[in-house]
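The values are calculated or read from the model by the stated rules, or taken from the named source; none is laboratory data. Since the structure is predicted, the reported quantities are computational estimates derived from the model, not experimental observations. Using ideal geometry, Cβ is built from the backbone for each residue, glycine included, and neighbour counts are taken over all protein chains shown.
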Amino acid sequence: MKKPFLMIAAGLLFATGTVSAQKLWDCSQGKIDFFSKTPVEDIEAHSKAGGAILNTETGAIAFKVPIKSFKFPNDLMEEHFNENYLESDKYPDATFSGKIEPLVDFSKPGTYPVKAKGKLKMHGVEVDREFTGTITINADKTAELKCDMEVPLADHKIEKPQLVMVKIADKITVKVDFILKPRG
């Protein structure tokens, strides 16, 4: 996770007023998985390089994952993903910036259903999105944010070549799992 992203994201989260560091929770090694299921082939990839920052006072959240951090079962899949589909040299990151609702009391352990509304930017295209998930506040002063989402490739102008069209789903299932800790 690059420090400049966290500084920019923190600046965005602070923009609504002065916030103490204890209200900011972050993660630098979040897990993001994606899965494409078709009758011909299942494709999956995993990254442990997702970064996130959450303002527990306002619910503002931002996350980022480097596209090249996704690992595939074989090198050829990874090469095609980076060069032909996501064009990761041109569009190196996927980002989300939005707000979690309802606000969760981070001082009370438990699992809480939440929604995140905001903008998902991938392949250079920013789209309004709403995701549902959970935040689990743990007794060890960590919080686990989990979310599953369906991402239609066409919404982000990701084209499937005719040759492999039946091997790649139109909608990709993305799973996010961040362990957040208070800053400072």
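Brief remarks on what is shown
- Among (1) modelled with pLDDT of 95 or more; (2) in contact with a strand residue (DSSP E or B) (Cβ under 6 Å, 6 or more places away or on another chain), the one test that F35 misses: (1)
- Matching residues, the range 34-56, being free of Cβ contacts under 8 Å to residues at least 40 places away in the same chain and either closer than 26 Å to T142 by Cβ or surrounded by 15 or more Cβ atoms within 10 Å (Cβ to Cβ) (or both): E44, A45, H46, S47, K48
- Matching residues, the range 93-107, being of a type in the set (A, V, I, L, M), closer than 27 Å to P66 by Cα and either surrounded by fewer than 19 Cβ atoms within 10 Å (Cβ to Cβ) or without any contact (Cβ under 8 Å) to a residue 40 or more places away in the chain (or both): A94
- Only one of the numbered conditions (1) buried (at least 17 other Cβ atoms within 10 Å of the Cβ); (2) of a type outside the set (S, T, N, Q); (3) closer than 14 Å to G59 by Cβ is violated by I168, and that is (3).
- Qualifying positions in the range 108-131 - among the β-branched types (V, I, T) and either in contact (Cβ under 8 Å) with a residue 60 or more places away in the chain or more than 16 Å from K175 (Cα to Cα) (or both): T111, V125, V127
- The range 44-79, residues that are in contact with a helix residue (DSSP H, G or I) (Cβ under 8 Å, 6 or more places away or on another chain) and part of a helix (DSSP H, G or I): I67, K68
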